[in-house]
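Notes for the one structure printed next.
The values are calculated or read from the model by the stated rules, or taken from the named source; none is laboratory data. The model shown is predicted, which means the values in this text are computed figures rather than measured ones. Neighbour counts are summed over all protein chains in view; Cβ atoms, including those assigned to glycine, are modelled from backbone coordinates with ideal geometry. In case anyone asks, the SASA skips ligands and DNA or RNA and just uses the protein heavy atoms, side chains included. Shrake-Rupley method; radii C 1.70, N 1.55, O 1.52, S 1.80 Å.
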Amino acid sequence: MFEDMAERLRTANQGKMPFEEQVEALYNIRDYILEKKKMEQDLLLMYTYMAAITTASVTRPEIFQYTSERFEYIPSRYIAKVQRLVAGWGHSYASGLRAIADRCRNETLQSMLHRYANAIDSGVPDDDFIGTELSSIRSIYRNTFEQGIELLKKWGDAYIAMLLSTALVAIILMISVAIYAPEGIDATLNTSYFIILVISVFGLTIMYRAVPDDPRTHGLAEICSKEQEIIRRLERLVVPITAAIALVLILLGVNAGIIFLLVGLLLMPLGIIGYIDDVNVINRDNDFATFIRSLGSVMEGKGITTADALQEVDRKSLPYLEPFIDSVASKLNLGLDEAGSWRKFIGETGSYLIYKYMNIFRDAVTLGGSPDQIGKIVGSSMLEQVLLRRKRDMMVKGFVVLLVPMHAAMIGIFVFLFEILLTMSHAVAEVMNHFDEASAALTGGSSTLGGSAIGSLSILVNFPEDTMRAYVVAILLMLTVANMLAGKIVMGGDRYLYYFFASLLCVATGIVYIVAPIVVSTFFTIPTFVGI
């Protein structure tokens, strides 16, 4: 049925689906942004792979062939196009590189392809060129990463300032409604929603563009770390239950603070486990750079296999990788499949970098490369990324430590002010009712005083409580979601960290919303002048 409908739409629209070109343009923009964001890191990985396999004295066609098969690296897809031009259309490698470079949109990759073509024309050996380029791309990656950290630091501060400004706009609007009680305030409230939405999206987009690409987890479906497996099992149950409970409570009209608090508490186990996994992955990456160099040195120095070399590696200096090394060593000693054993090692660590660099090491060793040189090449590239990640984490901790208290303070001011205005509105309404009763009993001469008093107090009457309470809850929800996304973007890591920030911010929002009316009713009791 759907195929027939699609065919009719294509026939009626000159062979195209409605809005097909616009959707394709959006996809192209998205692909360009993602490609540009990942390019420097993937170039580092690809050149590390190429430098590692050149230790096996492979020929130029073999370098291009093996590299073109690594489709997980974005630059390798362009190397595959070069290989097709050479193998299928009779181009030389130099002309093929230039042809693909002319159609490449990324400036860094385009420059690299042109340099490779020039090196081939000049007769520079491939291993010399690749070694020099690997050093260059490490410098480029380091510079790009550090620039991203500086931009992220500035835009993080700007995001907080902009969000505080939006909260100030919401507060001013709420006070204006309390004072003037205008008719038809829906358009004004919608304008406030739009302003907050635009500023939040703008700030989040800029931070996402500025943040260096640093994936933590490998995302393999068949095997993962212990913490990732627990989260995958729990989220299938917890997330639907949390959404269902929240929806039922909303329909029943339960206090919004209770809903926020309950959602935060239900998601907190997932968030805590996700944060623990993130910390473990970082620590394992720190150990891996030392481990892979040691493994390569032992294999080369003693001329032994990987299984025997694992017994010689000093595991006590690798506390976070030691149990995984013991596991793979025992499997190899039992004669189990080597590829499967290392696949399990990679999966159980849960690390993206270990997944990439371990495969590079194994492929290059399998091709007959020098384990010692390969270990140094892989370890150096890994160490470069680990050290840059540490620099980023120093900035991230400051932002996260600021984000949660800032969120609590921002919504605290907003909610407390709403409750104070609401209390004042109720008190003024009671005073005006008392004045109305008193004015009816007064003589004509005294009624002027009563009318003057009523006129001066009428500024806080007719405060639209239900409308403004819905407005407050909507603003709190928008700020909570925006800050959750901001925390995840800045901190990086796997999607599990969304649960971590959602739980923290929802709990903070819920507590503030529940406590605010109690505190206001205790400390802001306004006299009603009864008996005057």
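General observations
- Stretch in the chain that is longest and holds no GluC sites (Glu not before Pro) that DSSP places in a loop and that have at most 14 other beta carbons within 10 Å: 223-532
- Counted charge near Phe361, where neighbours are those whose Cβ lies closer than 12 Å (Asp, Glu -1; Lys, Arg +1): +2
- Sequence-distant residues sharing a close amide H with Thr217 (under 5 Å, placed H): Tyr352, Asp494
- Here is the size of the chain from its Cα atoms: Rg then Dmax, 31.5, 113 Å.
- The range 290-393, Rg to Rh (Cα coordinates; Rh as Kirkwood inverse mean 1/r): 0.95
- Value of D in µm² per second that Stokes-Einstein yields for the range 272-322, Kirkwood Rh from Cα pairs, at 25 °C (0.890 mPa s): 207 µm²/s
- Shape of the range 196-349, Cα gyration tensor, a/c cut at 1.5: prolate
- Mean projected area of the convex hull spanned by the Cα atoms of the range 213-256, taken over all viewing directions: 5.0 nm².
- Surface share of carbon and sulfur [accessible, 1.4 angstrom probe, percent] for the chain: 62 percent
- Rel. contact order, % - alpha carbon contacts under 8 angstrom, at least six apart, the chain: 22 percent
- Cα radius of gyration and Dmax for the range 76-180 (Å): 25.0, 81
- Theoretical ellipticity at 222 nm over the chain - DSSP helices of four or more residues, -39500 (n - 2.57) apiece, nearest 500: -29000 deg cm²/dmol
- The modelled label-to-label distance between Ala474 and Glu69, using points 7 Å beyond Cα along the C-beta direction, is 5.8 nm.
- Projecting label points 7 angstrom from Cα along Cα→Cβ for Arg105 and Leu234 puts them 4.0 nm apart.
- Sparsely packed loop sites in the range 48-115 (the chymotrypsin sites (Phe, Trp or Tyr not before Pro) outside DSSP H, G, I, E and B with at most 15 other Cβ atoms within 10 Å) comprise Phe71.
- Mean accessible surface per residue for the chain, computed with a 1.4 Å probe while every protein chain stays in place, in Å²: 48 Å²
- Crossing angle, helix 322-333 versus the chain [Cα axis fit, 0-90 degrees, rounded to tens]: 40 degrees
- Convex hull volume per residue for the range 172-260, taking Cα atoms only, in Å³: 177 Å³
- Rounded to whole Å, the principal axis extents of the Cα atoms in the range 60-129 read 29, 25, 24, largest first.
- In order along the range 470-482, the phi-based Karplus estimate (6.51 cos²θ - 1.76 cosθ + 1.60, θ = phi - 60°) of 3J(HN,Hα) comes to 4, 5, 4, 4, 5, 5, 4, 5, 5, 5, 5, 5, 4 Hz; Gly and Pro are listed as x.
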